Each structure stands twice: as C-alpha cells, then as structure tokens.
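Below is one structure; the comments refer to it alone.
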Amino acid sequence: MSSLLDEIRELHAGGKMETLPKKPIESMEGLSKVYTPGVAEICMEIANDPAKAYQLTIKKNTVAVVSDGTAVLGLGDIGPEAAMPVMEGKAVLFKQFAGVDAFPICLNTKDPDEIVQIVKMIAPAFGGINLEDISSPRCFEIERRLKEELDIPIFHDDQHGTAVVVLAGLVNALKVCGKKMEDVKVVFAGIGAAGMACSRMLLKAGVRNLIGVDRQGAIHRGVEYSNPHWTEYANMTNPHNLRGSLSEVIVGADVFIGVSGPDLLTVEDIQSMAADPIVFAMANPKPEIDPALAAPFVRVLATGRSDFPNQINNVLCFPGIFRGALDCHATTINEEMKLAAGLAIADAISSEELTETYIIPNVFNPQVVQKVREAVIRAAWETGVARAGEKPAGIFHPEKP
Ligand SMILES: NC(=O)c1ccc[n+]([C@@H]2O[C@H](COP(=O)([O-])OP(=O)(O)OC[C@H]3O[C@@H](n4cnc5c(N)ncnc54)[C@H](O)[C@@H]3O)[C@@H](O)[C@H]2O)c1
Ligand SMILES: O=C(O)C[C@H](O)C(=O)O
Ligand SMILES: [Mg+2]
C-alpha cells in the first residue's frame, strides 16, 4: 500500500504538467520575431480586429479548467490548493486525449459574483471554459450567468459531462437487459450538480419514472425546499410523489444511479430492486457501494473509477466535446450537442461487443474522441451555433450566429 502511495506521490511531484514552446527560440533574430519588436505587429493586428485572437494566439485551442475547490470529487470543500491535482489531471486528459491545451485555475473565492467576474475577465485568452468541482446550487447560477455573458462554450463538467456519459452507459445497459427508457424506474442518489443534470438528460432521453433522493430522502412535491432547484426538480420527477428514504423508494427500481458519496447503498437495497438491476455507483473516489460487494447481486455494475470494468466517468466526454466545439468555433455547447455526444459514446460499442462488463468504451479507445467530435460538430451546425470549419455533408439549413 505504501509503495502504491509512493508511486502516486512521485507522479505528482512538482505537478503533472508544464508549458512548452511550439518552436524554440534559437537566435537573436528569432527572438526579435516572436518577442519584441516583431510581436508588436501581431498585437496591433489583434487590436484592430479582436477576432484575430483566434488565429494569432492560443485562444482557439485553449480551455480554462476553473474550480473553487468546493466539491472536489466526493471529498467536498477542500479548498483551491487541494483542488489543483484534480484540475491538473483534467488538463492533462484534455491534452492527451483530444490535443486541447488546458490550464488549471483554482480560485480563492466561493462567491458566485466574484467567480463570474473573474472568469469573464480571463475569458479573452480562452476558447472555452470548463467549470469543475464547484458545489451546487451555486454552480447553476455561475454557469447560467457565464453562458449569458460570454460567447465561448461554458461547460460545467460535473453536470453535463457526467450527464452525457450516464446517458451513454444507460442506453447500452438497457440494451443488455432488454429494457426500455420509457418503462424503467430510475432512482438517483445525490441531487447536486451531477444528479440534477443527469436527471434532466435522462428525462429528455425518454425516462418517465425517475426519483431523486438526497440527504433528507426522496425529493417530492408539497415541501418548501430552501434549494429552489429541488422544488423545480420535484415538479419534473417522482410521478407518484413517493416519500421516504433511499431504501424505501428503491424497491422495484430497475436502475440506481449514485452521484452522492461513499457507502450509502446496501446489498439489501439492491436485492429489493427489480430483476436484472443496473447499478451505476459513481461517487469518486469511493462509490456508493463497494463494487466487490455489489457485483454478485446486479446485472450491470459501473463505477466512476478506472480500476473496475465499466468506468462511467466524464473523461469520456469533456475532451471530445470541447475538441468538437473548438474545431467548429461554437458559441456554446447546447442540449443537442450533449445528446449527440452521449449517443456517439454509446455507439462506440457495437451490439456484438456489448456485454454486462462492457457497456461503455474505454477512455483509451481512440474512436471515442473522434466520434464525439464529429457528432458535436454536426449538432452544432444543425443548431446554428458553429462559426468556422467545414460544414458536415447533409446539412441544408445552417444558420450562422
Ligand atoms: N463518475 C463521474 O464522472 C462523476 C462526475 C461528477 C460527479 N461524480 C461524483 O458524484 C458526487 C457528487 O458530485 P457533484 O459534483 O454533483 O457534487 P455536489 O456537491 O454538487 O452534489 C452532491 C449531492 O449529493 C448529496 N449527498 C451527499 N452525501 C449524501 C448521502 N449520504 N445521501 C444522500 N445524498 C447525499 C449532497 O447533499 C449533494 O446534494 C461526487 O462523489 C463526485 O465525485 C462523479
Ligand atoms: O474527476 C472525476 O474523476 C470525475 C468527476 O469530475 C468527479 O468530480 O468525480
Ligand atoms: Mg468533477
């Protein structure tokens, strides 16, 4: 155990990334071109036409990974310094899987006004903003305001990246079990950033019977929640207005999706579910149930971790979705682009390949980023938010923003 920890520490020593010049400067002449005085010409070109930042700076390929350290994995509010290893990790994954340059930026404030203000102020350098590990409900307002006020993609990964991958996983898990979105009962644990967005995505995909459970039990109508998002949630879910604990409402459920915290689901809970239960225990780093404990009692089991089969993790989404959005210079990442990304991830596994332990492609499968990118670019053109690049064949009424 300690040797594993030593290895992990060694991999983090001095941080996980660095900045490299594209072309090294080797002479005074070279210096005079990329630095002063040559650089001044480029500065003035951009000053006269700020859109040229996309051609003459890092903007078109660069994303800011912004966190305030308040909901880091399932570790909670551990602060901006402690959030850095996760944000560095996200930046490394952006680069390795999709060639996107990403900067980890951890802010020493939890105030939504300040976060919005700071992100707006740094936006000129970036082609997109990936918000990460910002706790709910503040994350909803921060994202909404930034989307309204900036014309580059703003994407809260814990909400939308997770929702895209959960959709992909569920499409394939239901195929394995021979069940349909419209017929299944789905119970969510943890109605925070991820739970809210995943629920919305599944409702959009056709799920009708969906119940969310948080610390005080099932979210239902007839209660005044201090979190207004839960009141809205109660109105769009829980058709039979069930009340009670997770153990009470999970009875007869076909699907459990956990985006909450460790060890809140029991084997008895799983045994009370319908036949062929599907369990996505996605809390990181410790899932809602120990996978070894759950495995004998489920038909399909997935976690957010890379050390078990069926890793349902937003890393399958964010590199490809930003690759697509940056390549077509999209103004936003909209619902259609997310849905297309989810279906593209599901589609990376053929019906012949699909099994209980292979419902979701591996992150090292190069098809994933490629398929997500193409689907996202097509959806961006179809919905009129693409601004550049080649229009995919078969789109007849593209509207440029
Ligand atoms: N696998 C993935 O790709 C992925 C993606 C996003 C989030 N997650 C995991 O999901 C969890 C939540 O992330 P988030 O960004 O939504 O955080 P969040 O802070 O916005 O929301 C967490 C929610 O879970 C609830 N919760 C916590 N413990 C609970 C318990 N014992 N019973 C019922 N509800 C409980 C909280 O009250 C809160 O509403 C974290 O563990 C995170 O690591 C996984
Ligand atoms: O970081 C991850 O592994 C996934 C997700 O963003 C999380 O917060 O747990
Ligand atoms: Mg996260």
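Please treat every number below as a calculation from the coordinates, not as lab data. None of the values given here were measured: they were computed from a predicted structure. So basically every Cβ, Gly included, is an ideal-geometry build from the backbone, and we count neighbours across all protein chains shown.
So here's what we get for this one:
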| quantity | calculated |
| --- | --- |
| Cα-based convex hull volume of the chain per residue, rounded to whole Å³ | 166 |
| Value at 222 nm in deg cm²/dmol, rounded to 500, when DSSP H runs of n ≥ 4 in the chain each add -39,500 (n - 2.57) | -12000 deg cm²/dmol |
| Angle in degrees between helix 38-48 and the longest Cα principal axis of the chain, rounded to the nearest 10 | 60 |
| Tensor-based shape of the stretch 68-137 (alpha-carbon gyration tensor, a/c under 1.5 rounded, otherwise prolate or oblate) | oblate |
| Most mobile of S135, S27, S199 in a GNM of the chain (Cα contacts under 10 Å) | S27 |
| Selected from N48, N310, N238 as most flexible by GNM, with the chain as the system and alpha-carbon contacts under 10 Å | N48 |
| Angle in degrees between helix 80-98 and the longest Cα principal axis of the chain, rounded to the nearest 10 | 80 |
| GNM result for the chain, Cα springs below 10 Å: residue of E352, E45, E268 fluctuating most strongly | E352 |
| Cβ-derived FRET efficiency at R0 56 Å, M28 paired with N235, nearest 0.05 | 0.25 |
| The chain: angle of helix 335-347 to the longest principal axis, Cα-based, in degrees nearest 10 | 70 |
| Counting DSSP beta bridges with both ends in the chain, the antiparallel % (nearest 5) | 10 |
| Where the Cα pairs of the stretch 1-93 fall when distances are cut into 5 Å bins, in % | 3, 10, 13, 14, 15, 11, 12, 10, 7, 4, 2, 0 |
| Nearby aspartates and glutamates by direct alpha-carbon distance to K179 (threshold 20 angstrom, same-chain neighbours under 8 apart not counted) | D254, D276, D347, E352, E353, E356 |
| Listed residues P366, I25, G206: farthest to the positive end of the dipole of the chain (Cβ charges) | G206 |
| Equivalent-ellipsoid semi-axes of the stretch 243-379, from the Cα gyration tensor, Å, largest first | 31, 16, 13 |
| Net dipole in debye of the stretch 57-200 [+1 Lys, Arg Cβ; -1 Asp, Glu Cβ; about Cα centre; nearest 20] | 640 |
| Residues I8, I122, I321 arranged by fewest to most Cβ contacts within 10 Å | I8, I122, I321 |
| Distance histogram for the stretch 64-198 (every C-alpha pair counted, 5 angstrom bins, percent rounded to whole numbers) | 2, 10, 18, 21, 19, 12, 8, 6, 3, 1 |
| Amide N of the stretch 151-170 lying under 14 Å from the label point, which is placed 7 angstrom from the Cα of I395 along Cα→Cβ | none |
| q = 0.14, 0.17 Å⁻¹, the stretch 1-157: log10 I(q)/I(0) [Debye, one scatterer per Cα] | -0.82, -1.06 |
| Kirkwood hydrodynamic radius of the stretch 233-283, Cα pairs, Å | 11.8 |
| Reachable lysines from K22, criterion Cα separation under 24 angstrom, eight or more residues apart if same chain | K33, K52, K59, K60, K90, K95 |
| Ratio of Rg to Rh over the stretch 153-234 (Cα coordinates, Kirkwood Rh, two decimals) | 0.99 |
